[in-house]
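J.: The following block contains the structure, expressed as structure tokens.
The values are calculated or read from the model by the stated rules, or taken from the named source; none is laboratory data. Everything numeric in this text was worked out from a predicted model, so none of it was measured. In this analysis, Cβ positions are derived from the backbone assuming ideal geometry, glycine residues included, and neighbour counts consider all displayed protein chains.
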Amino acid sequence: MRAEFAEAMLQLLGRRKDLVFVTGDLGYLAFEGLAQAYGERFVNAGVAEQNAVSVAAGLARAGLLPWVYSIAAFAVLRPFEQIRDDVCLHELPVKLVGNGGGYGYGIMGPTHHALEDVGALRALPNMKLYLPLVADDVPLVVNAMAADPSPNYLRLNVAAEIPGGVPPFAAWRKLKSGRSAVVIGMGPVLQGLYQLSTPELFDELEIWSVGTLPLEAIPSELATSIREKRRVITMEEHYRSCGLGEALSHAFLTSRVIPQSLSCLYAAGYPSARYGSQRWHQEESGLAGWPLVSRLETLLRA
Amino acid sequence: MSKRAHAGHIGGALSCAELLVLLKFAWMSDDDALLLSKGHAVAVLYSLLAEVDVLTPSQIDSYRADGTELPAHPPFNTFEEISFATGSLGHGLSLSAGMALGARLKGLSRRFFCVTSDGELDAGSVWEAALFIAHHKLDNLVWLIDRNGIQGIGRTEEIMALEPLDAKLRAFGFHVVVTGGHDFPSLLAARDESTRQLDTHGRPVAIIANTVKGNGISQLENTVDSHYLPLGDEQYERGLDELTRAHRARLDEYRNAR
């Protein structure tokens, strides 16, 4: 999604005069065009994310619309207090952009993964998270963030390719119908469901994508599905703690849309202390490939 | 107000009192902005805001009381004069840098003054900001360091040595002005030298103001206790008396000089 993001930021420049793009020295072979087009409004703040986020808060206080880009882990976790105090507390329109949410940086290893970025930011007041699924979501999300006066986080990743396409980006999107269980997920990890080698299993799944957090009210169509099928499976490339599954659990209980069973598929971390590509880590966590088939079979036959 | 609130952080407030007075009454224009990065010295800031009628006497009386608008570190989004809630040390210089860069990008001539403590310089983020300010040659920003030599539970040079601080700042690319932090003739000279530097050389300026923690109250002066502890009754009476006398002497000096 990085190329689409850069393109969307270029397009945005034609419509807004208040943009400033701050990068934490990342974007090699991706943001050169942006740097040229933004000129003095492209600021490479170096490998110094704490300063970058506070500088962005200062820029926002000056009436500008700063975007701060880094690898997801570095964009969120190193400057967490700056995000909390300088951005969220003051409700300033700083737009954080983290690339490679989840295991996106694959073999680069655990320091480069972000398995707690969403959970960390969910705890903060005024923060709204955007979780695109496919490449076409990115320009819509960038425009929505530019129009959103609150602090935002954009979790970028390799875009999912969903056969037959998906509806335009929204807080809730139904991707497909299915007979016996409702899967609710966030981000491109949902692609694993479309690559299942077992068509009959796939047919059983109704799939929904969550596009923003905090969750918006559960759509009535989804509530009806959950009451009918009674089985919900959540799916996220993020630790279970403070992730989508926990957010949904709360939403279900407080809105009285109570499934009979709730199972969470999530990033397990590094259970074998071995490393690999994003796909390899997804499989180890049961989020893709045969491990996902086997998890789903167990859940659906239970 | 500090006595009524049984408030500590008196030493670090008294050490930067003249610095803030200089900024507010002898340096800053209406467009300029002050950010008190050492938010624990907020008693001085509130006093200044009362002096210019931004805060009312009853607001001052509510300092630190339940339900007050004036907590022990500056609040957020409450007063236009307080652009950021500070208190967690090591944020203010970066925030000032962002506002200064923002003003430059918008073509505004606004200037930004950031007052940090010296213990605060232990925080790595301060040095990230210093690199950033020097790299971007932010000549609409002045960094003032309240060099009182004492931090939370001891002397800076024993806890985390900062010296040679002026050389460090010069190496980062700042024009460094070292001044006494309590007498106005020195502070005014530091102001003039800083303004000259900013206007003619386009280099960022850092002022190291050598100050005394708890300045003006002899029992507090240069003591670690003055960082956290509130004033006792006797300390308060004697301290107030000392401050009043010093203030009168200063006024006389000023009148005689005219």
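J.: Tell me yes or no: at least one residue of the range A:93-104 is facing another protein chain (nearest Cβ under 10 Å) and not hydroxyl-bearing (S, T, Y).
T.: For the range A:93-104, residues facing another protein chain (nearest Cβ under 10 Å) and not hydroxyl-bearing (S, T, Y): present.
J.: I'd like to verify a number: residues in the range B:145-166 that are in contact with a Ser or Thr (Cβ under 8 Å, 6 or more places away or on another chain) and not acidic (D, E), how many?
T.: Adding up the residues that qualify gives 7.
J.: Among the residues of the range B:90-110, which ones are within 17 Å of A:I83 (Cβ to Cβ) and outside any helix (DSSP H, G or I)?
T.: The answer is B:G90, B:H91.
J.: Further question on the same structure: Within the range A:14-46, how many residues turn out to be among the aliphatic types (A, V, I, L, M) and more than 14 Å from chain B (Cβ to nearest Cβ)?
T.: Matching residues across the range A:14-46 total 6.
J.: Need a quick list: helices (runs of 4 or more DSSP H) entirely within the range A:146-246 having at least 1 residues that are under 30 Å from A:H112 (Cα atoms).
T.: In the range A:146-246, A:191-194 are the helices (runs of 4 or more DSSP H) which contain 1 or more residues that are under 30 Å from A:H112 (Cα atoms).
J.: Condition test on B:L35, is it surrounded by 17 or more Cβ atoms within 10 Å (Cβ to Cβ), touching a strand residue (DSSP E or B) at 6+ places or on another chain (Cβ under 9 Å), at pLDDT 95 or above and assigned to a helix (DSSP H, G or I)?
T.: Criteria not met by B:L35.
J.: Looking at A:P132, is it touching a helix residue (DSSP H, G or I) at 6+ places or on another chain (Cβ under 8 Å), away from chain B (no Cβ under 14 Å), surrounded by fewer than 18 Cβ atoms within 10 Å (Cβ to Cβ) and in a loop (DSSP other than H, G, I, E, B)?
T.: no
J.: So, one more: When you look at A:V68, is it in a helix (DSSP H, G or I), hydrophobic (A, V, I, L, M, F, W, C) and under 28 Å from B:A33 (Cα atoms), yes or no?
T.: So A:V68 does not fit the description; no.
J.: Would you confirm whether or not the range A:77-87 contains a residue that is surrounded by fewer than 24 Cβ atoms within 10 Å (Cβ to Cβ), in a loop (DSSP other than H, G, I, E, B) and either modelled with pLDDT under 95 or more than 14 Å from every other protein chain (Cβ to nearest Cβ) (or both)?
T.: Yes: one or more hits.
J.: Kindly indicate whether any position in the range B:174-188 is of a type in the set (D, E), in contact with a strand residue (DSSP E or B) (Cβ under 8 Å, 6 or more places away or on another chain) and away from every other protein chain (no Cβ under 14 Å).
T.: no
J.: With the condition kept exactly as written, say whether any residue in the range A:19-30 is in the same structural domain as A:A147 (by TED's automatic domain parsing) and assigned to a helix (DSSP H, G or I).
T.: No: the range A:19-30 contains no residue that is in the same structural domain as A:A147 (by TED's automatic domain parsing) and assigned to a helix (DSSP H, G or I).
J.: Filter the range A:109-129 down to the residues that are under 23 Å from A:K174 (Cβ atoms) and not in a helix (DSSP H, G or I) and list them by number.
T.: A:K128, A:L129
J.: Of all residues in the range A:185-207, which are within 14 Å of the chain's Cα centre (by Cα) and surrounded by fewer than 24 Cβ atoms within 10 Å (Cβ to Cβ)?
T.: A:Q191
J.: Tell me which of these B:S88 doesn't satisfy, since it passes every other one: (1) in contact with a helix residue (DSSP H, G or I) (Cβ under 9 Å, 6 or more places away or on another chain); (2) of a type in the set (G, A, S); (3) surrounded by fewer than 19 Cβ atoms within 10 Å (Cβ to Cβ); (4) away from chain A (no Cβ under 12 Å).
T.: All conditions pass for B:S88, except number (4).
J.: Another question, then. B:T116 is checked against (1) more than 14 Å from chain A (Cβ to nearest Cβ); (2) closer than 19 Å to B:S226 by Cβ; (3) in a strand (DSSP E or B) and fails just one. What number does that condition carry?
T.: The single condition B:T116 does not satisfy is (1).
J.: Right, something else. Do the conditions hold for B:P57, that is, is it within 14 Å of chain A (Cβ to nearest Cβ) and not hydrophobic (A, V, I, L, M, F, W, C)?
T.: Answer is no for this residue.
J.: Still on this structure, I have one more. Which of (1) under 21 Å from A:A146 (Cα atoms); (2) surrounded by fewer than 24 Cβ atoms within 10 Å (Cβ to Cβ); (3) in contact (Cβ under 8 Å) with a residue 12 or more places away in the chain is the odd one out, the single condition A:G39 does not satisfy?
T.: Exception for A:G39: condition (3).
J.: It is to be established whether one or more residues within the range A:101-114 are under 23 Å from B:I133 (Cβ atoms) and either among the β-branched types (V, I, T) or in contact with a helix residue (DSSP H, G or I) (Cβ under 7 Å, 6 or more places away or on another chain) (or both).
T.: Checked the range A:101-114: no residue is under 23 Å from B:I133 (Cβ atoms) and either among the β-branched types (V, I, T) or in contact with a helix residue (DSSP H, G or I) (Cβ under 7 Å, 6 or more places away or on another chain) (or both).
J.: Identify all residues within the range A:268-283 that are touching a residue at least 60 places away in the same chain (Cβ under 8 Å) and assigned to a loop (DSSP other than H, G, I, E, B); write none if there are none.
T.: Passing the criteria: A:G269, A:Y270, A:Y275, A:G276, A:S277.
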